[in-house]
Structure formats: C-alpha cells, structure tokens
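Report on the structure given below.
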Amino acid sequence: MAQRPKQERAVQTRESLLRAAAEVFDEAGFAGASISRILKRAGLTAGALYFHFDSKEDLARAVMNAQPRSVVPWPESEGLQRLVDLTMVWAHQLQVDPLLRAGVRLTSEQGSFGVKDATPYEEWSQIMTEILEVACEKGELQAGVEPGELAEFVVEACTGMQTYSAAASEGRADLAERVVRMWRLLLPGVAVPAVVARTQVNPERFRKLIQTAGAAPAH
C-alpha cells in the first residue's frame with residue numbers, strides 16, 4: 001500500500017513539470033525557456049525534473065507528444081461527425097490550453113533546437129485514421145476515399161490553418177471559423193451525400209462542444 005502513494009506522487013510531480021514547462025514554452029519558446037524558470041513555475045527542484053526527464057529537449061518532446069490529451073477524450077460522437085467535432089474542440093483548446101499551444105509551438109520550432117520528430121503529426125494522423133476507419137465501416141465515405149490519406153490531409157490542413165490563424169488574428173480567435181469553412185469545403189468531396197446533409201458543421205454545434213469541454217475534468 002505504501003508504494004501506491006509514492007507512485008501517485010511521482011505521477012503528480014511529472015504532471016506538474018509538464019504543465020509548468022508547457023506554460024513557459026508557450027510564453028517564451030524553446031530558446032527562451034530556461035530550466036530554472038520551469039522549476040520556479042512548478043515549485044520543484046532540479047532533482048525532481050531530472051528524475052523524470054533527461055534534458056530540456058526531453059521535456060520539450062514530452063510536451064509536443066502530449067497534444068492529443070487536450071482534445072481526444074471529449075467528443076462522444078462517431079464517424080465523420082466525431083472527426084469534425086475533434087477539430088472543433090482542438091480549435092477551442094488552442095486558445096485556452098497552454099499544454100496544447102506549447103506542443104504546437106514546439107513542434108513547429110523543433111528544427112531550431114536540433115530535433116526532427118514527426119511523432120506529433122503521426123499521432124494525430126493515427127487518431128484520425130481510426131476515426132475514419134469507423135466512418136468507412138459505417139458507409140459514410142465516398143468510394144476511393146482512403147482513411148489514412150484523408151487523415152494525413154486533415155492534419156496537414158489543420159497545421160497550416162492554425163499557423164495562418166495565429167498570424168491573422170489575436171490568439172487564433174478566428175480558428176473556429178476556419179475549421180467550419182474547411183469542413184464545408186471538404187465534406188462534399190469525401191462523404192456520401194446523406195452524411196454531408198446530416199453532419200453538423202456550424203457555430204451552434206461548436207458552442208455545444210465547447211460547453212461540454214468546459215465542463216470536462218482537466219487531463
């Protein structure tokens with residue numbers, strides 16, 4: 001029994017480090033985020049950090065790869081609607097969750113600190129591929145639409161879209177509108193007509209998802 005509280009403390013310590021690092025990386029980028037600043041934010045010692053992470057680069061990789069945690073647990077829909085919902089929640093979380101924002105920032109900056117790691121993109125592609133495979137089984141996709149290819153395209157589109165939004169609006173305020181537009185343009189080319197007609201891609205759906213996300217426990 002004594003082992004469990006120790007393990008729980010270790011998990012809590014790692015989470016505290018991850019969150020503190022995300023906040024600092026989000027504010028200052030990799031170059032501007034010092035270990036001392038991260039430790040001060042977390043209220044922890046260097047020993048605690050190096051017990052869990054080998055280096056600042058290792059910590060940055062962990063933040064990069066934690067992105068789906070901010071989004072994936074929430075949408076409860078299935079098939080294409082779930083994929084649409086996932087991207088809508090992602091657009092919202094980029095505005096409010098430092099862990100997701102930092103992961104996105106580090107993934108785009110990684111070349112500047114000597115890392116070349118496509119894992120974050122690949123993880124998103126895998127998550128979306130699994131959702132689209134369900135959509136395919138449900139007969140929602142048009143003939144010839146391959147789940148893996150479409151998943152990669154959506155990841156690529158979202159990557160470019162959030163970059164554009166960050167430059168064009170304060171705090172990516174217009175990202176949700178861009179996501180809605182993407183699906184209105186994309187759905188007719190990948191989904192069967194009946195699914196296009198019933199898939200909800202509108203501000204009302206977005207507000208409902210965000211209300212649900214806001215009531216969800218932190219991950």
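Structure above, values below:
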| quantity | calculated |
| --- | --- |
| Given (1) within 30 Å of ALA10 (Cβ to Cβ); (2) outside any helix (DSSP H, G or I); (3) not polar (S, T, N, Q), index of the condition ARG41 fails | (2) |
| Residue match in the stretch 167-187 (condition: open to solvent by less than 30 Å² (accessible area, probe 1.4 Å), more than 14 Å from LEU94 (Cα to Cα) and in contact with a Leu (Cβ under 8 Å, 6 or more places away or on another chain)) | yes |
| Matching residues, the stretch 108-118, being over 14 Å from MET161 (Cβ atoms) and either open to solvent by 40 Å² or more (accessible area, probe 1.4 Å) or at pLDDT 95 or above (or both) | GLU109, GLY111, SER112, GLY114, LYS116, ALA118 |
| Any hit, the stretch 33-48, residues being over 18 Å from the mean Cα position of the chain (by Cα), closer than 18 Å to ILE127 by Cβ and open to solvent by less than 20 Å² (accessible area, probe 1.4 Å) | no |
| Sole residue being open to solvent by 70 Å² or more (accessible area, probe 1.4 Å), of a type in the set (Ser, Thr, Tyr) and either assigned to a loop (DSSP other than H, G, I, E, B) or free of Cβ contacts under 8 Å to residues at least 60 places away in the same chain (or both), chosen from THR163, THR129 | THR163 |
| Complete set of residues in the stretch 94-106 that are buried (at least 21 other Cβ atoms within 10 Å of the Cβ) and either of a type in the set (Ser, Thr, Tyr) or assigned to a helix (DSSP H, G or I) (or both) | LEU94, LEU99, LEU100, ARG101, ALA102, GLY103, VAL104, ARG105, LEU106 |
| The stretch 66-93, subset more than 9 Å from the chain's Cα centre (by Cα) and not in a helix (DSSP H, G or I), residue farthest from PRO203 (Cα to Cα) | PRO73 |
| Matching residues in the stretch 189-213 - criterion: being basic (Lys, Arg) and open to solvent by 70 Å² or more (accessible area, probe 1.4 Å) | ARG198, ARG207, LYS208 |
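Condition check ((1) farther than 14 Å from VAL63 by Cβ; (2) in contact (Cβ under 8 Å) with a residue 24 or more places away in the chain) across all residues:
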residue: GLN7; (1), (2): yes, no
residue: ALA28; (1), (2): no, no
residue: GLY32; (1), (2): yes, no
residue: SER36; (1), (2): yes, no
residue: GLY43; (1), (2): yes, yes
residue: HIS52; (1), (2): no, yes
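The values are calculated or read from the model by the stated rules, or taken from the named source; none is laboratory data. Everything numeric in this text was worked out from a predicted model, so none of it was measured. Cβ atoms come from the backbone with ideal geometry, glycine included; neighbour counts cover every protein chain shown. When the accessible area is computed, the model is the full protein with side chains, heavy atoms only, and any ligands, DNA or RNA have been set aside. Shrake-Rupley method; radii C 1.70, N 1.55, O 1.52, S 1.80 Å.
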